[in-house]
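Scroll down for the structure; my scribbles are underneath it.
The values are calculated or read from the model by the stated rules, or taken from the named source; none is laboratory data. Keep in mind that what you see is a predicted model, and the values were worked out from it rather than measured. Cβ: placed from backbone, ideal geometry, glycine included. Neighbour counts: every protein chain shown. Quick note on the areas: whole protein, heavy atoms, side chains included, nothing else; ligands and nucleic acids left out. Shrake-Rupley method; radii C 1.70, N 1.55, O 1.52, S 1.80 Å.
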Amino acid sequence: MSSFAFGLILMALISGDALIISAGNLAHIDSETGIVTPSVGVLHTYPNDVIIHEGSAFVVNSGVDEGTLQKFELGTWILTELGIGSGWNCWASLPLSEGKLAVSAALNNSITIVNTSTMQIVSSIEGVGPNPEWMATENNLLYIACGGWGAGESVVVANTTTGSVIDTLTAGINCQSLISDGNGMLFATCSGTYGNDEGSVVVIDLSTGDITDELPVGGFPAYSTAANGILYVSDPWGAGVYSVDMTTLEILHDSGNPFCSGGNGMAVDENGYLWISDGMNGEVRVYDTTETLVHTYSVTSPAAIAVSGSWLGISGGSIQTGISISVSPNPAACAITVSGVPPGETVRIYDVTGRIAAETIGGNNSTITMDITRLATGLYTVVSGTAAARFAITAR
């Protein structure tokens, strides 16, 4: 690597980076300058997870066989891609020791081990299921949440040295994500049956494999992270973010009293600040160690998020938007007019999950009309280049 590229990476790490899956793009926030770059790279179908590891961002795309794992070097944004399986629906990634990365394959019931330097598959762990999703690691053991998309309640334990499954623990219904407290306790976020408000956090003693507590938080939580001794679990399509004290096991916020809205993505920086994506409101929020909101960034349909470095406050800078577009009428029923589109530019409509709902190509003038009669009611985002605008579709 050239010294120039290495310098760029160091600058990025010092200032603090946040990488966010944003409507088919990888958005970047410099937390020192406040600059939001809507796209430093284009992602593939159904990007589901992003992490930052050893100076690079890794994105797992669930809907493709080629480019399943994308690696973007911080600062230079040089892209390297790796295909994993055929229709495996790869879900999440987790850094391991010795420059390796574990990638879960939800439809192949396996874990793929990737060399992050060479971006090559080095091994796999078979017999992991049903439907492995997010993972945690401790003492060379890999713990994998296997909720069977509503039909399972397993935590599969694998030895990363031997590459074999050594145990299966029981959690709650639809176990989706795991957090280890580093002291032998594993916190499993379990969604329960969809729509039944059965969300829970199951606490497992790793020395015995037994459940010690089951904390009913309600809703349908899926992803989890931990900051300053607090476990945060997200129910982005329900009430938002819930929280539990990991020492006392007190439920601080549940579905009836959420900590905040959103939770499409969550991450914690080196200062223990909590970053939360709120896809419905198009923003990324930062909370300090006292859970005080310190900053809000505007980001199109933010989903999974990864951070490195620390939030240092805003010392200047501006939002990089490039062009500006607008949508009318808003709310709309049958059609929308998008203004400010450069000639020949692709215009896409994204739903709240970040999936493309409709697209077209701009003509010779800056205004186009798009038919939305086939789209369901709800919130949508129109994206053209690096510009975005939100609108709602009302009942017809």
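Laid out as a table, the results:
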read-out: For the chain, diffusion coefficient by Stokes-Einstein and Kirkwood Rh (Cα), 4 °C, 1.567 mPa s, µm²/s; value: 60 µm²/s
read-out: Rounded D (µm²/s) - the range 229-303, Kirkwood Rh over Cα pairs, Stokes-Einstein at 37 °C, 0.692 mPa s; value: 266 µm²/s
read-out: For the range 196-329, the spread of Cα positions along each principal axis, largest first, Å; value: 57, 37, 23
read-out: Farthest positive-ward along the chain dipole, Cα basis, beta-carbon charges - from P342, I20, N183; value: P342
read-out: Summed residue charge, Cβ within 13 Å of T289's Cβ, Lys/Arg positive, Asp/Glu negative; value: -4
read-out: Accessible surface, 1.4 Å probe, highest first, among residues D30, D167, D49; value: D167, D30, D49
read-out: Cβ crowding within 10 Å averaged over residues, with 389-395, 362-368 ranked highest first; value: 389-395, 362-368
read-out: Within-14-Å neighbourhood charge of N48 [Cβ basis; K, R +1; D, E -1]; value: -1
read-out: The chain, relative contact order [Cα under 8 Å, separation at least 6], %; value: 12 percent
read-out: Relative packing of peptides 373-380, 95-102, 242-249 - highest average C-beta neighbours within 10 Å first; value: 242-249, 95-102, 373-380
read-out: Solvent-accessible area per residue, Å², over the chain with all protein chains present [probe radius 1.4 Å]; value: 40 Å²
read-out: Heavy-atom accessible surface of the chain: percent carbon and sulfur, 1.4 Å; value: 50 percent
read-out: Crossing angle, helix 3-15 versus the chain [Cα axis fit, 0-90 degrees, rounded to tens]; value: 80 degrees
